[in-house]
Every structure is written in structure tokens, then in C-alpha cells.
Amino acid sequence: MEPSPWVALFAVVLATALVLKAIPSRGRRRTYNLPPGPKPWPIIGNLNLLGELPHRSTRELSRLYGPLMQLWFGSMPVVVGSSLEMSKFFLKTHDAAFCDRPRFAVGKYATYDYSDILWAPYCAYLRQARKICTAELFSAKRVGSLEYIRDEEVRALLRDLRGAASGGRAVRLRDHLQMAVLGVISRMVLGKKYVETTEDAAEGGAPAAATAAEFRELVDEFSVLNSAFNIGDYVPWLDWLDLQGYVRRMKKMSRRFDRFLEHVLDEHNERRSF
């Protein structure tokens, strides 16, 4: 059985990278006073030490190397603080120096090239976006003025749960809570609900941007991809291969979310035209 051309290509790329890694660079290397840590392997760094539960693995490593240590996630250097003092150092004393985000693929493909609050780099744009959210959504006055929305959605949630549990049927609580939270956020941010529930479908009216099942699937896919370990994020020269297929899924999810947002924007523009 002949080997796949992709396997041969990957072997050539891997061999080339190892050769380039072994060739000493010209000139004097800069030396840094780095924290202690385990010696990294070529290409993968210390990823082999993380296992299925990284938080436990880093705890065990901190017992060997101390509360401040350096790891290599592929070709990405990572400093790990594992004590109260180190937490205060990173999150309070020098929070401005360590508050930036890594430029992962999910931020590029799923959040419009790092343009949302979750993945945007620390800059004037992010600070302005935070101020707008605080003033328009999270201020005490604004939260108080929208209390009626939360009350209505909680009452709707209880009605849905009562109807779903009639006859002693098992209820998947997660789905109902997810739709209740989505209803609150949608009405607070967009002014109405854009996801069609079973009750909405029975009442008729204007078509929604998505059904409840479609939007749950979209949210679940975003949650999976947002926390997925994409090897291209840590070994950049492998990014173009998309070995795990995550980038392809991110692009597909982004196109689906585009259709949802286009529906919202079109309806908003129609209301403004009247």
C-alpha cells in the first residue's frame, strides 16, 4: 500500500523543520533570566507533560520547579504562576503588562479578526468597547431599568418547564436554561428575541433568524471550538495544514453566524426606514 502524498509532505516538512532547528543561528543570542522549568522537546515543547487534566499536571510540575515556572506549548513560551503571590503579581501588580490575548485561530475566524471583547488585543479599541458595554448594559441604572425583561423570561422559563415535565417526562434542563439566558441577552442587547421557540412557532408571526435547535447547535459549536486545543496555535508552521480540522469548522460556524447577524441587521434597518 503506497503512502498518502499528505504523509510524505508532512514528513518532508517535519524533517526540514528539525534540520533548521539544529542549525545554530548566527550572531550572539540574547540571554534572559527565565524561570525554571522542564526541558522542552523539539516541536511539541512541553505539551507531552500536560495530559488530559492540565491544571493538575501544572500543579505537579510546580511542586518540582516552584511557584513560578516556564513551559513551552509547542513554540510558544508560557510562564505559569502557581501561588497566591504569583497570582497577585500577574493579575493586580502588573495586570496591564499581562492582560493581552493570544492570537488564536478561533479569534480570527469566529470573532471577525479579533474584533470582539473576548479576543480583542488590549488596546484603545478594547478599552472603548468595555466602556460602552459598562455604560449601556452593565451600569446599575441600566440593569435596574431592564428588570422587567428578566422577570418575564423567568416566568416563561417556569411555564416551559412545567409544560415539558407534564406526564412525568424527563426534562433536559440545560436546553431550557440556555434559551432563557439567550432570551434575556437578546432582548437587552437587540430589543427582541431572534430565536424561534416552540411557543413562538405555534403563534406564527414573522420568521425568526434561527430556530432554538439551530441556535443551540451554533452555541455548542462555538463553546467547543473556543476551548479546543488547535495545534496550529502553538506550532504556527503547521497552521496551514489544519491537521485537526478545527479551522474548517470555525469558518463554517462563522458563515452560519453571519446569516444570523445579517437577519438582525436587515430587520433593524427596516425599522429605521419607517
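The values are calculated or read from the model by the stated rules, or taken from the named source; none is laboratory data. Not measured: the values here are computed from a predicted model. So basically every Cβ, Gly included, is an ideal-geometry build from the backbone, and we count neighbours across all protein chains shown.
Name every residue in segment 42-81 that is surrounded by fewer than 13 Cβ atoms within 10 Å (Cβ to Cβ) and either touching a helix residue (DSSP H, G or I) at 6+ places or on another chain (Cβ under 8 Å) or in a strand (DSSP E or B) (or both), in order of residue number.
PRO42, GLY51
Using the structure shown, decide if LEU157 is out of contact with any strand residue (DSSP E or B) (no Cβ under 9 Å at 6 or more places or on another chain), farther than 28 Å from ARG271 by Cβ, modelled with pLDDT of 90 or more and part of a helix (DSSP H, G or I).
On the way: out of contact with any strand residue (DSSP E or B) (no Cβ under 9 Å at 6 or more places or on another chain): yes; farther than 28 Å from ARG271 by Cβ: no; modelled with pLDDT of 90 or more: yes; part of a helix (DSSP H, G or I): yes.
So LEU157 does not fit the description; no.
THR134 fails exactly one of the following numbered conditions: (1) surrounded by 11 or more Cβ atoms within 10 Å (Cβ to Cβ); (2) under 19 Å from the mean Cα position of the chain (by Cα). What is the number of that condition?
(2)
Report whether or not ASP175 is touching a His at 6+ places or on another chain (Cβ under 7 Å), free of Cβ contacts under 8 Å to residues at least 60 places away in the same chain and within 15 Å of ALA212 (Cβ to Cβ).
Values: touching a His at 6+ places or on another chain (Cβ under 7 Å): no; free of Cβ contacts under 8 Å to residues at least 60 places away in the same chain: yes; within 15 Å of ALA212 (Cβ to Cβ): yes.
Criteria not met by ASP175.
Can you tell me how many residues within segment 82-120 are part of a helix (DSSP H, G or I) and of a type outside the set (D, E, K, R)?
The initial filter retains those residues of segment 82-120 that are part of a helix (DSSP H, G or I), namely 84-93, 95-97, 105-110.
Now narrow it down to the ones that are of a type outside the set (D, E, K, R): 84, 86-87, 89-91, 93, 96-97, 105-107, 109-110.
Going through segment 82-120 one residue at a time, the tally reaches 14.
Given (1) at pLDDT 85 or above; (2) under 30 Å from LYS108 (Cβ atoms), where does ALA165 come up short, assuming only one miss?
Here ALA165 meets the rest and fails (2).
Quick one: in segment 210-238, which of the residues that are outside any helix (DSSP H, G or I) and in contact with a Phe, Trp or Tyr (Cβ under 8 Å, 6 or more places away or on another chain) is modelled with the lowest pLDDT?
Taking segment 210-238 as the starting set, the residues that turn out to be outside any helix (DSSP H, G or I) are 210-211, 228-230, 235.
Imposing the further condition that a residue be in contact with a Phe, Trp or Tyr (Cβ under 8 Å, 6 or more places away or on another chain) reduces the set to 210, 228, 230.
On the way: ALA210: 74, ALA228: 91, ASN230: 94.
The extreme case among them is ALA210.
Could you list, in sequence order, the residues of segment 82-117 that are in contact (Cβ under 8 Å) with a residue 40 or more places away in the chain and loosely packed, with under 13 Cβ neighbours inside 10 Å?
Across segment 82-117, the qualifying residue is only PRO102.
Restricting attention to segment 65-83, report how many residues are among the hydroxyl-bearing types (Ser, Thr, Tyr) and over 24 Å from the mean Cα position of the chain (by Cα).
We begin by selecting, within segment 65-83, every residue among the hydroxyl-bearing types (Ser, Thr, Tyr); these are 65, 75, 82-83.
Okay, now just the ones that are also over 24 Å from the mean Cα position of the chain (by Cα), so 65, 83.
Here the count works out to 2.
Under the condition of being surrounded by fewer than 12 Cβ atoms within 10 Å (Cβ to Cβ) and not hydrophobic (A, V, I, L, M, F, W, C), which residue from segment 221-251 is farthest from GLU52 (Cα to Cα)?
ARG248
Among what's in segment 168-206 and is at pLDDT below 85, among the hydroxyl-bearing types (Ser, Thr, Tyr) and crowded, with 16+ Cβ neighbours inside 10 Å, pick the residue that is farthest from THR134 (Cα to Cα).
THR197
Could you list all residues from segment 239-274 that are at pLDDT below 90 and of a type in the set (A, V, I, L, M)?
Within segment 239-274, LEU261, VAL264, LEU265 qualify.
Looking at VAL219, VAL247, VAL235, which one is under 24 Å from TYR194 (Cα atoms) and of a type outside the set (Asp, Glu)?
Values: VAL247 fails: under 24 Å from TYR194 (Cα atoms); VAL235 fails: under 24 Å from TYR194 (Cα atoms).
Selected residue: VAL219, the only one of VAL219, VAL247, VAL235 that is under 24 Å from TYR194 (Cα atoms) and of a type outside the set (Asp, Glu).
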